[in-house]
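Here's the structure we're looking at; comments come further down.
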Amino acid sequence: MTAALLVCALAWLALGAAGAILSRRDAGRMVVYGGSLAVSLVALAIALGALGGRAPGVTLPLGLPGIGMRFAVDPLSAAFLVLVDLGGAAASLYALGYGRHEAEPWRVLPFYPVFLAAMNLVVIAADAYGFLLFWELMSLASWALVMADHKRAETRQAGFVYLLMASAGTLMLLLAFGLLAGPRGAYAFAAIIASHRPQWTADVAMLLALLGAGSKAGLMPLHVWLPRAHPAAPSHVSALMSGVMTKVAVYAFIRIAFDLAGPAAWWWGLVVLAAGAVSAVLGVLQALLEDDVKTMLAYSTIENIGLIFAGLGLALAFRADGLALAASLALTAALFHAFNHMLFKSTLFFGAGAIQHGAGTRRLSELGGLIHRMRVSAVPMLVAAMAIAALPPLNGFASEWLLLQAVLLSPSLPQFGLKLAVPAAGALLALAAAFASACLVRLYGMAYLGRPRSAAAATAHEADGISRAAMIGLASLCVIFGLMPALALGHLAPVVRELAGVSLPARPGWSGLTLLPVPARQSSYDPLLIALFIAVTSGLAALGLHRFGSRALRRAVPWGCGFLTAGDAALPAGTQYSPAGFSQPIRRVFATLLFRARDEVVMPPPGATAPARFAARITDPVWDGGALALAALINRAADRANRLQFLTIRRYLAMVFVTLLILLATVALWA
Amino acid sequence: MGLIVHLALQALEMAIALLAAPLLTGFVRKVKARLQRRAGPPLLQVYRDLARLVAKEAVVPEDSSWLFRVSPYVIFAATWVAAALVPEFATNLQFSWSGDLIVIAALLGSARFFQMLAALDSGTAFGGIGASREAMLASLAEPAMLMIVFTVALVAGTSQLSAIATFMHSGAEGLRLSLALGLVALVMVGLTETGRFPVDNPATHLELTMVHEAMVLEYSGRHLALIELAGAMRLLLYMSLIACIFAPFGIAPPGAGPAALALGLASYAGKLGFGAVALAGFETTIAKMRVFRIPNFVGAALMLGLLGTLLLFMSASL
């Protein structure tokens, strides 16, 4: 089974080579994306077969001499393989249609299959060396894909920041694995688990893993690259990066913190929970202030990663305190949300690609009314928007419901710090959910509803059939897993059993479709029944109204607040609310302090007929106050150090001598 | 036989949510009018208004999409299902386990989601202003609601409303500070969510102050009837919610006989009447707030809810 997956990875690498050769021909696209789709489906089938089981490992004579490179599939990797390959298959299908519009396919085709292969290999790697090698391959392949549109200055900057953050993240993981492997160099995962190490190494390794994997996943404040790099890539790659690659980072964190590092200290959960909850709120708040559709989706990814990490933090805390059932609930919620996020975020990025190509712009302030021109793709977009806004009965709500139930179990935690932090985190998660709903209303309402705000949006055209099929497929999965979450939870049970000790009890038959948290009397939620009730009541209402009431319908020009139009002409689009106007109340209430949001209005002089100008400015504390300040500091330090370059030999010799003395003194004092 | 009775009771619960809601709204208006020394409209005026709206043709903005026409049905259905999940006169009805308090809050969130989308779909400035303000209010009211859910669920050990009502009815819990904070917060959230004073004025069409009315301004005919009915049901829902958590006396236990059910119905009617009078009295004595002072009001509800939850986490006896 592991060997078959390795063959799949080889096939992807071969497709990458084929892509490099055929990239300038039209056939190249068909070969690369069609081939990637086929290989993804095969890998998906293998992963589905491997779910819950443990396949014998494979050791290849590659890598470090004498050590080899180990691969294995256990329940955790199998579950993430399903996620990666389902996302990969959907993105490849979408790219079959969407890839036609690529300006420079030779910058995408060779790297796309390599990216897929690397993500698969990271998940099945069973030693630190292979893991880091493929992690780096994944980073580099995705960097190359981000740089596809390298002529734009923003893309180049995004690529640079991404490369920097990816290297720093890999360094953190390298140090984490170094600590875990210990002085005897046990690089195989099995050997790491079997070995004993002082608790402080495990503590530091967990923190390093949080930094390394968290920066790749987009946890605040290590997220600065994500909202720049994800939108810069072509849309199918954005979907892969946001929907899938961030989950590989989640996998890396789970692998290290839950599996390799051994028993957790109680404060691990606190740190992870805090990072997750803060990321969730700030991520979605920034999404709410964003005008670019894809950047907005990238910020929303930060929110969802925050939710996932909040679940993981709760699970760590419960596990450290021996509350195995509660830990299994929190872990199930986190894993289920990771899977759900892959489904709806990929759909949304596909839709963003369709908008970008169909309307020629990604700016919300230039869109509007697309539902009339993109009739089919507007429907899966609506489903995905509802799912990510956590509306019942869709899948996003099912996983958030489980997460909130896990929060409700936390008064049983003994530590004072957790008792204080968990309700606050619960409030932050609730705030994030409310913002997410507003954010998705803004996205969908401004892009698809109302009247077009630009000529480009007025003449937008629908996406091609294959792209639409990919969107509809994923959106249907959102509905299916929303109505029957037990389908997914059943498959997550072996993973959870392995990592948390126990799993949520499974129930047979129809009753198994109802969601229950661990103490089953606490609560229950039956999405299928709720959906049925909504369908029946709305159907009854429609039937009754059309039977007994008036069926007449008339279209008319709406009241434009006194705005005069000639005759029956439509109202100009500018009389609608703008995206910036929509988020103005929230910006004023929440972002004034956090992001130093300022509204600037420039009025024309009295009597002039020029329009007044409005601009809303926000300052990202992490980017402007953190990253840019750090860069300035480094530049200053480098300038200082630069003076050392122009000294005389005599001075250099003196410096060598002094350094030697200091070193000797240190050694002497140490001994 | 047992199943038929159970189904009949569940159907009665749904029917009450639907049919009593306009009466409750009419009663609030009547009491308010009497408090202001006006005669006020007759009690049944709301039903008449709905019937008139249903019989009229529906006018939709010319640039609106199918979403504008579908949304009223979704809003109506989600609100109705949510209202029917709140125990009114009896606990543990046939389908009461299909959703808990979080689901009820989320169903109301779905209704709001579609309300805001429909407002934006109308393509007018009013739709935008309403949706934008509603988003701001919801961003505070929804977390506040969830904090109240946490408080109540932690006290009762369950987030299932029927079980909460049974637990509260048993009197096992005495007086708790957290519950008091939760009650105040829930009333504040309820006032916000049902668009009453001091947050919104249900009778105004003044653009500076409208929130909910601005969103539904372009609706007419049967669509408007559904939305008005959903609004009435939301008021009923919040009153039932407060009654079943904080005043569950008289509510019929599972498997109760006809006498207990009749008592349950009578006490439910009494609680609604008391709630309506209290609401009318409150609205008569208070003025509406400026829009940008509302976040302070709802934010206070959020803080109270958080405080209630925090107290429960920190201490078992407060």
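The values are calculated or read from the model by the stated rules, or taken from the named source; none is laboratory data. Nothing here was measured: the structure is a model prediction, and the numbers come from that model. Backbone-built Cβ (ideal geometry, glycine too); neighbour counts: all protein chains shown. Just so you know, the surface numbers come from the protein's heavy atoms only, side chains and all, with ligands and any DNA or RNA stripped out. Shrake-Rupley method; radii C 1.70, N 1.55, O 1.52, S 1.80 Å.
As a test, work out the antiparallel percent of DSSP beta bridges whose residues both lie in the protein assembly as shown, rounded to the nearest 5.
So the antiparallel bridges in the protein assembly as shown amount to around 70 percent.
Place a point 7 Å from Cα of A:Ala632 in the direction of its Cβ. Which residues in region A:571-608 have their backbone N less than 15 Å from it?
Of the residues in region A:571-608, none has backbone N under 15 Å from the label point off A:Ala632.
Which value, in debye to the nearest 20, gives the size of the charge dipole of the protein assembly as shown about its Cα centre, when Lys and Arg are +1 and Asp and Glu are -1 at the Cβ?
Here the size comes out at about 1100 debye.
Note the full-extension length gain between A:Asn642 and A:Val204 as 0.36 nm times their separation in residues minus their Cα-Cα distance, in nm to one decimal.
Residue separation times 0.36 nm, minus the Cα-Cα distance, leaves 154.3 nm.
Defining a contact as two alpha carbons under 8 Å apart and six or more residues distant in sequence, what relative contact order in percent does region A:595-671 show?
The normalised contact order for region A:595-671 reaches 21 percent.
Express the relative contact order of chain A as a whole percentage, based on alpha carbon pairs under 8 Å and six or more residues apart in sequence.
So the answer I get is 12 percent.
Can you list the residues in region B:131-148 whose accessible area drops by at least 20 Å² when all protein chains are present, compared with the chain alone? Use a 1.4 Å probe, heavy atoms only.
Those residues are B:Ser132, B:Ala135, B:Met136, B:Ser139, B:Leu140, B:Glu142, B:Pro143, B:Leu146, B:Met147.
In straight Cα distance, which aspartates and glutamates are under 19 Å from A:Lys294, not counting same-chain residues fewer than 8 positions off?
Here the aspartates and glutamates satisfying the reach criterion relative to A:Lys294 are A:Glu102, A:Asp149, A:Glu154, A:Glu303, A:Glu366, A:Glu462, A:Asp620.
Angle between the Cα long axis of helix B:221-246 and the longest principal axis of chain B, 0 to 90 degrees, nearest 10?
With both axes taken from Cα atoms, the answer is about 20 degrees.
With a ≥ b ≥ c taken as the square roots of the eigenvalues of the C-alpha gyration tensor of the protein assembly as shown, please select rounded if a/c is under 1.5 and otherwise prolate if a/b is larger than b/c or oblate if it is not?
In terms of gyration-tensor shape, prolate.
Tell me the mean residue ellipticity at 222 nm calculated for chain A from its helices only (DSSP H runs of n ≥ 4, each -39500 (n - 2.57), averaged over every residue, nearest 500).
-21000 deg cm²/dmol
In whole Hz and in residue order, list the ³J(HN,Hα) couplings for region A:154-165 that follow from phi through the Karplus curve 6.51 cos²θ - 1.76 cosθ + 1.60, θ = phi - 60°; x for Gly and Pro.
For region A:154-165, the Karplus curve yields 4, 4, 5, 5, 4, x, 5, 5, 4, 4, 4, 5 Hz.
Could you compute the FRET efficiency for A:Arg25 and A:His461, with r as their C-beta to C-beta distance and R0 at 30 Å, rounded to 0.05?
Given R0 = 30 Å and the Cβ-Cβ separation, E is 0.70.
Return the sequence-ordered ³J(HN,Hα) values of region A:318-334 in whole Hz as given by the Karplus equation 6.51 cos²θ - 1.76 cosθ + 1.60 applied to θ = phi - 60°, using x for Gly and Pro.
Result, ordered by residue: 4, 5, 5, 9, x, 8, 5, 5, 5, 4, 5, 5, 5, 5, 4, 4, 5 Hz.
So, R0 is 51 Å and r is the distance between the beta-carbons of A:Lys151 and B:Ala180; what FRET efficiency does that work out to, to 0.05?
With R0 = 51 Å, the Cβ-Cβ based efficiency is 0.20.
Take the solvent-accessible surface of the protein heavy atoms, probe 1.4 Å, and return the percent of it on chain A that carbon and sulfur atoms account for.
69 percent
Which cross-chain or sequence-distant (5 or more) residues have an amide H under 5 Å from the amide H of A:Met69, H modelled 1.01 Å from N in plane?
A:Leu60, A:Leu62
Classify region A:422-487 as rounded, prolate or oblate, taking a ≥ b ≥ c as the square roots of the eigenvalues of its Cα gyration tensor: rounded when a/c is under 1.5, otherwise prolate if a/b is larger than b/c and oblate if not.
oblate
Output the peptides B:254-261, B:120-127 sorted from most to least packed, where packing is the average of other Cβ atoms within 10 Å over each peptide's residues.
In decreasing order of mean packing, B:254-261, B:120-127 become B:120-127, B:254-261.
Count, for each residue of A:449-460, the Cβ atoms from other chains sitting within 10 Å of its Cβ, then give me the mean as a whole number.
Mean shielding count: 3.
Does region A:622-670 come out rounded, prolate or oblate by the C-alpha gyration tensor, with a ≥ b ≥ c the root eigenvalues, rounded set by a/c under 1.5 and, if not, prolate when a/b is larger than b/c and oblate if not?
oblate
Could you go through region A:658-670 in sequence order and give the Karplus-derived ³J(HN,Hα) for each residue, using 6.51 cos²θ - 1.76 cosθ + 1.60 with θ = phi - 60°, rounded to whole Hz, and x for Gly and Pro?
For region A:658-670, the Karplus-derived couplings read 4, 4, 4, 4, 4, 4, 4, 4, 4, 4, 5, 5, 5 Hz, x marking Gly and Pro.
Nearest 100 Å² is fine: how much accessible area is buried between A and B, summed over both sides, with a 1.4 Å probe?
Using a 1.4 Å probe on protein heavy atoms, the buried area is about 7000 Å².
Which cross-chain or sequence-distant (5 or more) residues have an amide H under 5 Å from the amide H of B:Ala58, H modelled 1.01 Å from N in plane?
A:Ala552, A:Leu553, A:Arg554, B:Arg222
Across the residues of A:420-428, average count of Cβ atoms on other protein chains within 10 Å?
5
Output the peptides A:600-606, A:238-244, A:651-657 sorted from most to least packed, where packing is the average of other Cβ atoms within 10 Å over each peptide's residues.
Packing order, densest peptide first, comes out as A:238-244, A:651-657, A:600-606.
Between A:Ser550 and B:Met303, what's the calculated FRET efficiency when r is the beta-carbon distance and R0 is 45 Å? Round to 0.05.
Efficiency at R0 = 45 Å is approximately 0.40.
With a 1.4 Å probe and all protein chains left in place, how much accessible area per residue does region B:53-212 have, in Å²?
I get 24 Å² per residue for region B:53-212.
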